[in-house]
Amino acid sequence: MSTASPHVEIYDTTLRDGTQAEDIAFTVEDKLRIVERLDDFGIRYIEGGWPGSNPRDEAFFEAAKQLHLKQAKLAAFGATRRVGIRASEDMNLRKLLQAKTPVVTIVGKTWDLHVRDDLRISKSQNFEVIHDSLAFLKRHVETVIFDAEHFFEGFQADAEFALQCCQVAADAGADLICLCDTNGGRLPEDIATAVDVVRRTIATPLGIHCHNDSELAVANTLAAVRHGVTQVQGTINGIGERCGNVNLCSVIANLQLKMGYKIVSPAQLRHLRELSHFVWELANAEPFKRQPFVGLSAFAHKGGLHVAAVQKNRLTYEHIDPQLVGNRQRVLVSDLSGRSNILYKAREFGVDVEEVKPSVRKVLAEVKDLENQGFQFEGAEASLELLLQKNLNGKTRHFRLIGFRVIDEKRKEDEPPLSEATIMIEGPDGGIEHTAAQGNGPVNALDNALRKALTKFYPQIEEMKLLDYKVRVLGSGEGTEAVVRVLIESGDGRERWGTVGVSPNVIEASWQALADSMNYKLYKDRKRSRGKRTLARPASDA
Ligand SMILES: [Zn+2]
């Protein structure tokens, strides 16, 4: 039987199951902001936490009462009542009611092994626990969902018992029964077969909740949808216990773009990448570059042949139009590159391609030569744009360095070192600026000194911030004599850009990247004021 339902709704558990991931934690404030984002994006159900398990989640539900959600419904999560007491006496169930959410979800046992060895009660006692808990909640809450924990293991071990547990939940008034692959070990065929049997037996709507321990959570979820479940539970970016939950970013994109479901509006879907990055950001985690659909590399082309082909027709090497999920096509310049990569970049930078054509060979040769020395332009597109401009127009420098000196001093063993830099530069009018600044390290001191000197000629330098600084040692075995590559990311509130420097001396490499960064800021401000730029990049991802 394969009877996909006409509609599917998304139930997000980023704030509950997602926070069970190693290294992931959200403050109450973070959680509230994520709820609002999920609501804007069009997620139907948002599970906010487990009020019985920790005070932070209780505080969240208290604060969430002030939220005015556009369409989403908030859910509180808990478990069936303790054995040996009545549901109405169970502290955790009472806390679920105090959360005052329109939806309450509780998890219960459906695998005989858990009932026997973990709870150590009889099967009929387990039925009572499920029935009593759900019936109690249903008297007070609009929508009650039963999460059938370890359902698929339970179904394999003792199908009759697992199905009976679900039947009891249905009889007690559960509005939806969510079948959970809690250990994340199932294959899509197992899921499909079990869902078919449950649908034949139980009339209540079904959901699916998959973990990703076999890297099959998305495939398992889509299989369950094909076989008739109407709710998908998961987390943004797939964060969660162990290897994580099913990644809703991939599920939503696949359901909507490949399987024809209308989960959100096309306009909302174009915020998918932004939503993904927002959650990574609040989790204080680096976004996963290779994340399907939304990652920085998801539509990045490097091989010259690929680049030539996607420019003729993007379908040659792209499974969807990246803009549908708010992503964009990128072309990387590297030693695998050809002429088409350079021309693509020129177009992206808003430079007249006809103007560039005569010098492409020269630029390509220079790029390859620099890459031989250890430069890399994949994260340093601003340096590349300056290089292209230099080849076209001769000069891109806005100042000339006359000299700098950096001093590092440590006066006592238990005192932090102090860095100071002095710098002399020549400005656009030939004026000389000589200045000094301190910093918590030599590069920071140099950055501060350069900034201070340049602000005299170019006040807009103050808008600029250094956002990230990375040093990579190239080639091993040479110890402290090895060449280093410095990548700097800067931003000015409107745009972010990356620059690169390479040298055996880390200060010199940093200087190159810093100088490029400041030059780029000045170059791009001038370009904007002239309005020469014809091809704008998306502001969020410059
Ligand atoms: Zn889970």
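Any read-out appearing in this document is the output of simple, stated calculations on the displayed coordinates, not a laboratory observation. Keep in mind that what you see is a predicted model, and the values were worked out from it rather than measured. Glycine also receives a Cβ, built like all others from the backbone with ideal geometry; neighbour counts cover every protein chain displayed.
Summary table below
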{"quantity": "Percent antiparallel among DSSP beta bridges (both partners in the chain, rounded to 5)", "calculated": "50"}
{"quantity": "Segment 337-368 versus segment 431-468: alpha-carbon centroid distance in Å", "calculated": "32"}
{"quantity": "P(r) weight above 19 Å for segment 143-190, C-alpha pairs, percent", "calculated": "24"}
{"quantity": "Nitroxide proxy distance, nm - points 7 Å out along Cα→Cβ at VAL83 and GLU29", "calculated": "4.5"}
{"quantity": "In segment 284-361, chymotrypsin sites (Phe, Trp or Tyr not before Pro) in a DSSP loop with at most 13 other beta-carbon atoms within 10 Å", "calculated": "none"}
{"quantity": "Rounded FRET efficiency, nearest 0.05, which uses the C-beta distance separating LEU187 from ASN372 and R0 of 45 Å", "calculated": "0.40"}
{"quantity": "Dimensionless Rg/Rh of segment 54-108 - Kirkwood Rh, Rg from C-alpha atoms", "calculated": "1.01"}
{"quantity": "Principal axis dimensions, segment 389-436 - Cα atoms, whole angstrom, descending", "calculated": "53, 24, 11"}
{"quantity": "Cα-based Rg of segment 372-415 normalised by 2.2 N^0.38 Å, two decimals", "calculated": "1.94"}
{"quantity": "Area projected by the alpha carbon convex hull of segment 122-203, averaged over all directions, nm²", "calculated": "5.3"}
{"quantity": "Segment 485-535: trypsin sites (Lys or Arg not before Pro) in DSSP coil with no more than 15 other Cβ atoms inside 10 Å", "calculated": "ARG494, LYS532, ARG533"}
{"quantity": "Coil-residue chymotrypsin sites (Phe, Trp or Tyr not before Pro) of segment 56-132, DSSP, other Cβ within 10 Å capped at 11", "calculated": "none"}
{"quantity": "For segment 60-199, alpha-carbon Rg relative to the globular expectation (2.2 N^0.38 Å, N residues)", "calculated": "1.08"}
{"quantity": "Descending Cα extents along the principal axes, segment 213-275, whole Å", "calculated": "33, 29, 16"}
{"quantity": "Computed log₁₀ I(q)/I(0) - Debye formula, equal Cα scatterers, no solvent, segment 230-314, q 0.11, 0.19, 0.21, 0.26 Å⁻¹", "calculated": "-0.37, -0.94, -1.06, -1.29"}
{"quantity": "Nearest-0.05 FRET efficiency for ARG405 and LYS362, computed from C-beta distance (R0 56 Å)", "calculated": "0.95"}
{"quantity": "Estimated D of segment 1-144 in µm² per second, where Rh is the Kirkwood radius over Cα pairs and Stokes-Einstein applies at 25 °C, 0.890 mPa s", "calculated": "150"}
{"quantity": "Pair-distance profile P(r), taking every C-alpha pair of segment 148-283, with 5 angstrom steps and integer %", "calculated": "2, 11, 20, 22, 18, 14, 8, 4, 2, 0"}
{"quantity": "Whole-number D in µm² s⁻¹ for the chain, Kirkwood Cα-pair radius fed into Stokes-Einstein, 20 °C, 1.002 mPa s", "calculated": "80"}
{"quantity": "Cα-Cα pairs of segment 330-471 separated by more than 26 Å (percent)", "calculated": "44"}
{"quantity": "Cα centroid of segment 375-415 to Cα centroid of segment 215-251, whole Å", "calculated": "45"}
{"quantity": "Within the chain, longest stretch clear of exposed GluC sites (Glu not before Pro) (DSSP loop, no more than 12 other Cβ within 10 Å)", "calculated": "216-412"}
{"quantity": "Contact order relative to length of the chain, as percent, for alpha carbon pairs under 8 angstrom and 6 or more apart", "calculated": "9"}
{"quantity": "Charge dipole magnitude, Cβ of K and R +1, D and E -1 - segment 413-472, Cα centre, debye nearest 20", "calculated": "280"}
{"quantity": "Using a Förster distance of 25 Å, the FRET efficiency for LEU418-ARG472 (Cβ separation, nearest 0.05)", "calculated": "0.40"}
{"quantity": "Dipole moment magnitude, nearest 20 debye, the chain about Cα centre, only Lys, Arg, Asp, Glu C-beta charged", "calculated": "2020"}
{"quantity": "Distribution of pairwise C-alpha distances over segment 273-383, 10 Å bins, in %", "calculated": "14, 40, 32, 14, 1"}
{"quantity": "Whole-angstrom Cα spans of segment 92-135 along principal axes, big to small", "calculated": "34, 16, 14"}
